[in-house]
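The values are calculated or read from the model by the stated rules, or taken from the named source; none is laboratory data. This is a predicted model, so every value here is computed, not measured. Heads up, the Cβs are rebuilt from the backbone with ideal geometry, glycines too, and the neighbour counts pull from every protein chain shown. With ligands, DNA and RNA removed, areas are computed over all heavy atoms of the protein, side chains included. Shrake-Rupley method; radii C 1.70, N 1.55, O 1.52, S 1.80 Å.
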Amino acid sequence: MSTGNMNLTLKVWRQKNNRTKGALVDYKVSDISPDMSFLEMFDVLNEQLINKGEEPIVFDHDCREGICGMCSMFINGRPHGPKDLVTTCQLHMRSFKDGDTIVVEPWRAKAFPVIKDLTVDRTAFDRVIAAGGFISVNTGNAQDANNLPIPKIQADAAFEAAACIGCGACVATCKNASAMLFVSAKVSQLALLPQGQPERYRRVQSMVAQMDAEGFGNCTNTGACEAECPKGISLENIARMNRDFYSAKFVSEEDI
């Protein structure tokens, strides 16, 4: 583990907007503490750029606790960097060595056009959710927890699917820019619970149709999405979504 501060070379993607060409630009940062997060290191770099009268690097961030899914940097060829099961904001500089060169790029996908520099437009995910990622019933007052008994295996599986934060790492790492892992997680978290049954088949058809309309690619079946997901979302969700999608061709809503 690093004990002293580091001097690093950063190759950062700079792009004015999605209508102009971008390029990697070299920056030197020095005296970087190994206890800094990756985003704190970028804060230091941006402060240096501002002090020199240069335009700071634009990047997404919000909670900086690995919850919101906003941070989205492709670091040395991997979404969120070299560590497993962490987001960019949870990545610390002790994961690198003094003198390292670090290449930082945005998510690359047709459905995620670059807004500026490292920030991309991920509203395609919002439109997929709006197409069916909900339960359209009036809930009224909250019921007692034991009113709807749910087997623990199903409850755990639904909880694990719901852990998806929608960061888009699955899309960024897939060579086809597929959103199957994201969409299947959002389908599964409802399909596994009693509340999600009335609209189960309509939901999966609508969300898959919207996913295709947004320009995401087909699943490659290579499992890169699961390997790079910071929340460890399982490929089992894709299998479940595919089963529901094909079952929807033979089952009417009235039969549920």
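Observations
- Overall, the accessible surface of segment 6-115 at a probe of 1.4 angstrom is composed of carbon and sulfur to the extent of 49 percent.
- In Hz, Karplus ³J(HN,Hα) per residue of segment 53-59 (6.51, -1.76, 1.60; θ = phi - 60°; x = Gly, Pro): x, 9, 6, x, 7, 8, 8
- Gaussian network model of the chain, Cα within-10 Å springs - most flexible of Leu193, Leu118, Leu91: Leu193
- Span from the segment 141-215 Cα centroid across to the segment 44-74 one, whole angstrom: 30 Å
- From most to least packed by mean Cβ count within 10 Å, the peptides 172-182, 54-64, 147-157, 230-240 give 172-182, 230-240, 54-64, 147-157.
- Antiparallel DSSP beta bridges within the chain, as percent of all bridges there, nearest 5: 75 percent
- Nearest-ten-degree value, helix 38-51 long axis tilted from longest Cα axis of the chain: 50 degrees
- Karplus-derived 3J(HN,Hα), 6.51/-1.76/1.60, for each residue of segment 208-224, Hz, glycine and proline x: 5, 4, 5, 4, 5, 5, 6, x, 6, x, 7, 5, 8, 6, 8, x, 4
- The charge dipole of segment 6-115, taken about its Cα centre with unit charges on the Cβ of Lys, Arg, Asp and Glu (plus for the first two, minus for the last two), comes to roughly 620 debye.
- Between Asn242, Ile32, Ala163, the Cα set farthest toward the positive side of the dipole of the chain (charges on each charged residue's Cβ, about the Cα centre) is that of Asn242.
- For Met6, distant residues with modelled amide H under 5 Å away: Asp31, Ile32, Ser33
- With all protein chains kept in place, the per residue accessible area of the chain amounts to 52 square angstrom at a probe of 1.4 angstrom.
- Pairs spanning more than 23 Å between alpha-carbon atoms, out of Lys11/Lys83; Lys110/Lys186; Lys97/Lys175; Lys11/Lys97: Lys97/Lys175.
- Helix-only arithmetic for the chain: the sum of -39500 (n - 2.57) across DSSP H runs with n ≥ 4, divided by the residue total, places the mean residue ellipticity at 222 nm at -9500 deg cm²/dmol.
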